[in-house]
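Just so it is clear, none of the values below were taken in a lab; they were calculated from the coordinates. Small disclaimer: the values here were computed from a predicted structure and weren't measured. Cβ: placed from backbone, ideal geometry, glycine included. Neighbour counts: every protein chain shown.
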Amino acid sequence: MANIEYDPERQLFHLHNDTFSYVIQVIRGYLVKRYCGPALDHFSGTAKLEDFSHAFNIQNDAAPYSLTTLPLEYSTLMGGDYRTPAYAVRNGHGQLIGNLKFDHYQILAGNESFNGTLPTARTPHGQTLIITMHDETQTLAVRLKYTIVGDLPVLLKQVEYRNLTDTTLTITHAASLQLDFDDHAYDLITLTGAHLNEAKVTRQPLTPGKKSIGSNYGASGPQGVPATILAAPATNEFAGEALGVTLLWSGNFNYTAQVDQFDNSRLVMGLNPELFAWQLKPGKPFVTPEAAVAYTNDGLNDLSRIFHRFFADHVMPLPRKNLIEYNTWETTYFDVSEAKILAEIPKAEELGVELLVIDDGWFKNRPNDAGQLGDWVPDPVKFPHGLRPVADAIHARGLAFGLWVEPEMISENSELYATHPDWAMQYVGQKPLRSRNQLILDLSQRIVQDHLITVLTNLVRDNHIDYLKWDYNRHFSQPGSPVLPPDQQGEVGYRYTRGLYRVLKTLRDTFPKLLIENCSSGGGRLDGGMIAYTDQTWTSDFTDPVYRMKIMNGFSLFFPLKIFVSHFTASPNLQDARLTPLHTRALLSLVGITGIECPPSQLSPAETAAVKASFAFYKANRKELQNGLLFRLRPSHVNQDEVCWLITNAAKTKA
């Protein structure tokens, strides 16, 4: 049970549940982190704060302490703290607003949502503390939100900025959290990678200086995932202390781990400041993404299971049955048609498939990736009767019908671009920079969001679609918006991601039974934000089953099995030509959500038998395979080609 206690005599806040405690104290008006770890009955405060005052101290009212070393909750530059800042806000003189001090607090039930479209964890049994701070000139108010989850050692953090003046302020740094520690005896565990090589695990000790991971690509990865772990050096999969942090965010991000001159450490995570600047106007608050902090002293497997439960129970859409899928991509590529789909239905049904998905190539003028993104109308040659007869034929066999879309993109040869060239993200006067022969729609514009909502709503409703595969196949370039004034161009990335969430939320609210699969050339946007609005994720475009297990092993540090999509594929593999035994291909496709990529009608008798048996086993054990407890039996970072998993039911009576 979650509880937040305030001791007015010591100005001390104790946020705790049965397994976790987090303690904040107001000292000389500054918010100081006093404890983060296993649950305490009472915080005695016997652990003294070090007095690091020295000749080069900035003299301020924190004495006898130094802001250079105090474990602060949320700090800025040039006010005595020279470490990585959590916030930087400039006033009308172009100068940084100074240190924030405690003003007042509130304690609320559940999780107070600062904004309706930003992903927010559900915490019906949690409690929320909101601490409001002001700077000395009464120019800026910052509200720090802390929510202690009721049933897990998880603390949520989020920040809201308010302008107290009648002029505009400029935010250039806006972190969701700051965590300070009085030592640096930790290993930093990160997930980095590339297209076809997602979620590589790296573990390295913290050393003096800074280590930063981030994205300025417009999406969260795959170059870096907005999630990291600080672990004691001796921590392994089964024992030891570890603290994990992740963002519920899908856009540009950054986190920095720093060891300072006195061997203290700090972790700051939030929006990437490289391309960010927000005009904070009077009466219009700005809100950061929500961050989640999880703690364990029982090893990395336990930390992962905490995150798995957190995402499954508190973030993901309400549970629904994830279906065994046949996807047409490796059967037809762009050369898909009504005739080819209808021919595969009987064999797919025979195998035990529950969902048939038409991938890219179904809409008009799409013979290759230079085709007409933005005009979501069936190709009259490939589908002369439209999609509805195909959907009806699939439904008649008791299967669900799915469709691939890439709504955030636009091609210059599309009717949409001819009508609305100003809807494409662009820099004024510069030639557009293309990737995969496409531009990006400017989702920072509400009119563009409304257009996508209308088009996708009609597409789903008119064609009785049960599932959408939502793809995103290029990164930002020239992130400008023709409708924003010059001083707001630094807001495009943030507004874009918020716009994406609005579109997804509206679809979810309109079609509560619609399954949505998240894809960004694979796992390029697998994060806590997309998890809030989608049911599953295509973890990589690399379909080699052995390599794919390595990718899922990395993602499993944070994300639950029930979101991973893993399909039976051809051997030799179409991408790396690896020859994989039939039994291995069938076995590895069972992880998470199973399905098939290769054409059912072209399977050999042995492959047909193996896939049928695999799907039958999956149906009999779906609950455990999607929701079971995961134990990694080999360390993730040592030899990433070695993956050994044990999956059990919740009672650990079945494996």
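Quick notes on this structure:
- Per-residue ellipticity at 222 nm, computed for the chain from helices alone with -39500 (n - 2.57) per DSSP H run of at least four residues, works out to -5500 deg cm²/dmol.
- With Rh defined as the Kirkwood radius, the inverse of the mean 1/r over Cα pairs, the Rg/Rh of region 460-613 is 1.06.
- Highest mean packing comes first when the peptides 142-148, 262-268 are listed by Cβ atoms within 10 Å, giving 142-148, 262-268.
- Taking all Cα pairs closer than 8 Å and separated by 6 or more residues, the relative contact order of region 3-315 comes to 17 percent.
- Per-pair calculated FRET efficiency, R0 = 56 Å: VAL546 and THR419 via Cβ, rounded to 0.05: 0.75
- Summarising the label geometry, the points placed 7 Å from Cα in the beta-carbon direction at ARG634 and ASN437 lie 4.1 nm from one another.
- Cross-link pairs LYS33/LYS210; LYS157/LYS652; LYS145/LYS623 - those with Cα-Cα distance over 26 Å: LYS157/LYS652; LYS145/LYS623
- Rounded, prolate or oblate (a/c below 1.5 giving rounded, otherwise prolate when a/b exceeds b/c) for region 272-362 by Cα gyration tensor: oblate
- Globularity index of the chain is 0.99 (Cα radius of gyration / 2.2 N^0.38 Å, N = number of residues).
- Gyration tensor (alpha-carbon) shape descriptor, region 143-226, a/c threshold 1.5: prolate
- Spatial separation of Cα centroids for region 11-28 and region 539-577, in angstrom: 41 Å
- The lysines whose alpha-carbon is closer than 22 Å to the alpha-carbon of LYS382, local same-chain residues fewer than 8 away aside, are LYS340, LYS347, LYS364, LYS469.
- Estimated at 0.36 nm per residue, the fully extended path between LEU582 and GLN430 surpasses their Cα-Cα distance by 49.5 nm.
- TRP645 long-range amide H proximity, modeled H, under 5 Å: LEU633
- FRET E, pair ASP298, ARG388, Förster distance 60 Å, beta-carbon r, rounded to 0.05: 0.70
- The modelled label-to-label distance between THR168 and GLN11, using points 7 Å beyond Cα along the C-beta direction, is 3.5 nm.
- Length added when fully stretched, LEU108-LYS513, from 0.36 nm per residue minus Cα-Cα: 142.6 nm
- In this structure the amide hydrogen of GLY240, modeled in the peptide plane, comes within under 5 Å of the amide hydrogens of ASP298, GLY299, none closer than 5 places in sequence on its chain.
- Computed FRET value (nearest 0.05) for LYS340 with THR207, which takes r as the C-beta separation and R₀ as 51 Å: 0.35
- Prolate/oblate/rounded call for region 3-315, Cα gyration tensor, a/c under 1.5 rounded: rounded
- Between region 194-273 and region 472-490, the alpha-carbon center distance in angstrom: 26 Å
- On Cα atoms only, tilt of 300-310 relative to the major axis of the chain in degrees: 80 degrees
- In this simple spin-label approximation, HIS395 and ARG461 carry label points 7 Å from Cα along the Cα→Cβ vector, and these lie 1.5 nm apart.
- Note on THR653 and ALA39: the extension gain reaches 218.2 nm, defined as 0.36 nm multiplied by sequence separation minus the Cα-Cα distance.
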